[in-house]
Amino acid sequence: MAGAAQIARRVGANLARGARRGVAALALPRRRSFWVVLRLTGPVEDLASPLFPFAGESAAGLLDVLQTLDAAAADPQVDGVLVRLGAAPMGWSKVLSLRRALQRVRERGKPVAAYADVLGTEGLLVASAADRLWLPEAGQVFLVGLRAESLFLRGLLDHLDVKADVIRIGSHKSAGDRFTRERMSPEEREQLEALVDDLFDELVDGLAAGRKLAPATVRDLIDRGPYHARAAVEAGLADACLYPDELEAELEILSPIPPPARPGPRRVCLVEASVYHSLRAADPGWCPLLAGLPHLAYVVARGGIHRDADPRGISTDPLRALLERIGRTEEIRGVVLRLDSPGGDGVASDLLWRAVSLLKREKPVVVSMGDVVASGAYYIAVAADALLAEAGTVTGSIGVVGGKINLEGLYRRLGVAKEGVERGARAGLLSEARGFTSGEREAVRREMSALYDSFLDRVARGRGLTGENLDGVAQGRVWSGARARTLGLVDALGGPLEALREAGRRAGLREDERVVVDVHPRRRPFPSIRGLLRFVTPP
């Protein structure tokens, strides 16, 4: 039996929905079909940017965008989707999630059009999922291939008489090479070659399928890029050169309903995706007062992992507290942990591994992997019931690296002296005024080896890998998500929506069951009032 507080919350949710429906009646066309306009002109982050009343447009979060496209695909009132793209980088995992979502819109019989002034490689891969891609005559497609590069500081440090005392566990754990080498090690070159090969294959195959070109043709086009708009059209990378004022006539032709059958003075009606998401796509429907709707928690954790109080990155205590609270909340049936992190502090990673392990005892936990889930982030991830990555997710780096910077030579050059009084043979282990002694180095290596063994144990227990299989995927090596799936490091390829479906399935929810998705950290649920009033816009 629901308690009074629960019923009150459900009544409040229904009142909020009633208000939303009232706004929707004013903001969305009532008897006309419309196109949803999705603007991807800046970087796509996992969380929507903070929004303040009467502020300008905020950048939509990835989950918002995917939910919008998913709803538009099934909405009979939506004619199609117009994507306005910019040249800002998006990240490979987000690119593949967005591309798949646009493909689903087309699979449901709705046209997708894309328009951009300038397209980079990532934007072009997203746009290749559209039925039509248009550029202005002065536009550009900056398709030149992929490059992964590393910066090495050894020469600079030598010039400053600074030494990096680095210890690593794992043949391919290359993070410390930035300070100790002047060029790539064979091991780093090997893993980067494999990673770029996998990403390049995704790029070629995606462009070939989307633009209906042979893979060999796409490879040749990449080698001959970049392209001005007319050359891009001639090469088959775009469909035509148009200006924004010409888009409406082209959308009219693409609309599935014949122009004469559309009532009203305007034949094409455009609705901003942010408004459509707030008023329709994110609406789970009326909440039953006695039972309520099941909830899924979507927790975003991104950045470096640390134990500090600094809110930037993934801070141990706040995330642990959040996961504990989710575990105690009965209405939450499952959890998606959206991770995007290169790793960080080993102790912090282990504490969060434990927090995820405890949460998993209460309800299913599925990890959705972003652009990078490596080192300590992968350590955390293996505690979950299932791991989903995109083909372009940088995955693994099962290894440990550490050390310190020795400034003794720089101090001497600057005329600076630093002395201390010690008790204990290793009291100066962390001092930057000297390097490690042989005993200290051995002690640090021993501690790091213990952490590496713990890392291997967590992976073995979480992923069922042992012996040669485990050693073959560890050693600090990174993999693409596609390769990680074949190696057993992840369970399947997919993004946030697929992870939510998997969490719901593991929680025993029906595929068509209405679910409330609680996004953490919390954010404002509505766009600005000015954004709501600007619901019908020119393309």
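Read-outs throughout are calculated quantities, based only on the coordinates presented, and are distinct from any laboratory measurement. Keep in mind that this is a model prediction, so the values were computed, not measured. Neighbour counts run over all protein chains shown; Cβ positions are idealised from the backbone, glycine included.
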Checklist entry - Between segment 439-492 and segment 171-248, how many Å separate their Cα centres? => result 30 Å
Next on the checklist: Net charge within 12 Å of residue 439 by Cβ-Cβ distance, Lys/Arg positive one each and Asp/Glu negative one each, not counting residue 439 itself?
Outcome noted: +2
Item to check | Radius of gyration and maximum dimension Dmax of segment 125-182, Cα, Å | outcome: 21.0, 58
Checklist entry - Along segment 484-494, what does the Karplus equation 6.51 cos²θ - 1.76 cosθ + 1.60 (θ = phi - 60°) give for ³J(HN,Hα), rounded to whole Hz, x for Gly and Pro? => result 4, 5, 5, 8, x, 6, 10, 8, 7, 8, x
Item to check | Neighbourhood net charge (9 Å Cβ-Cβ; Lys/Arg +1, Asp/Glu -1) for residue 511 | outcome: +1
Checklist outcome for this item: So the angle from the long Cα axis of helix 4-27 to the longest Cα principal axis of the chain, reported in degrees to the nearest 10, equals 60 degrees
Item to check | Long-range HN-HN contacts of residue 382 with modeled amide H, under 5 Å | outcome: none
Checklist outcome for this item: Measuring from its Cα centre, the chain shows a charge dipole (+1 at each Lys and Arg Cβ, -1 at each Asp and Glu Cβ) which, in debye to the nearest 20, is 1700 debye
Checklist entry - ³J(HN,Hα) across segment 90-107 via Karplus (A = 6.51, B = -1.76, C = 1.60, θ = phi - 60°), whole Hz, x for Gly/Pro? => result 10, x, 5, 5, 5, 4, 5, 5, 5, 4, 5, 5, 5, 4, 5, 4, 5, 5
Checklist entry - Equivalent-ellipsoid semi-axes (√(5λ), Cα gyration tensor) for segment 294-375, whole Å, largest first? => result 21, 14, 11
Checklist outcome for this item: If 269, 241 are placed from fewest to most neighbouring beta carbons inside 10 Å, the sequence is 241, 269
Checklist entry - Using θ = phi - 60° and the Karplus curve 6.51 cos²θ - 1.76 cosθ + 1.60, what whole-Hz ³J(HN,Hα) does each residue of segment 225-234 get, with Gly and Pro shown as x? => result x, x, 9, 6, 4, 4, 5, 5, 5, 5
Checklist entry - Using modelled amide H (1.01 Å from N, peptide plane; none on Pro or chain starts), what sits under 5 Å from the amide H of residue 519, excluding residues fewer than 5 places away? => result 298
Checklist outcome for this item: Counting sequence-distant residues (5 or more places) and residues on other chains, those with an amide H built under 5 Å from that of residue 492 are 387, 389
Item to check | Value at 222 nm in deg cm²/dmol, rounded to 500, when DSSP H runs of n ≥ 4 in the chain each add -39,500 (n - 2.57) | outcome: -12500 deg cm²/dmol
Item to check | Mean Cβ neighbour count within 10 Å, used as a protection proxy, ranking 381-394, 167-180 highest first | outcome: 381-394, 167-180
Checklist entry - Going 7 Å from the Cα of residue 190 in the Cα-to-Cβ direction, what parts of segment 350-377 have a backbone nitrogen less than 19 Å from that spot? => result 375
Checklist entry - Radius of gyration and Dmax for the chain's Cα atoms, expressed in Å? => result 26.1, 90
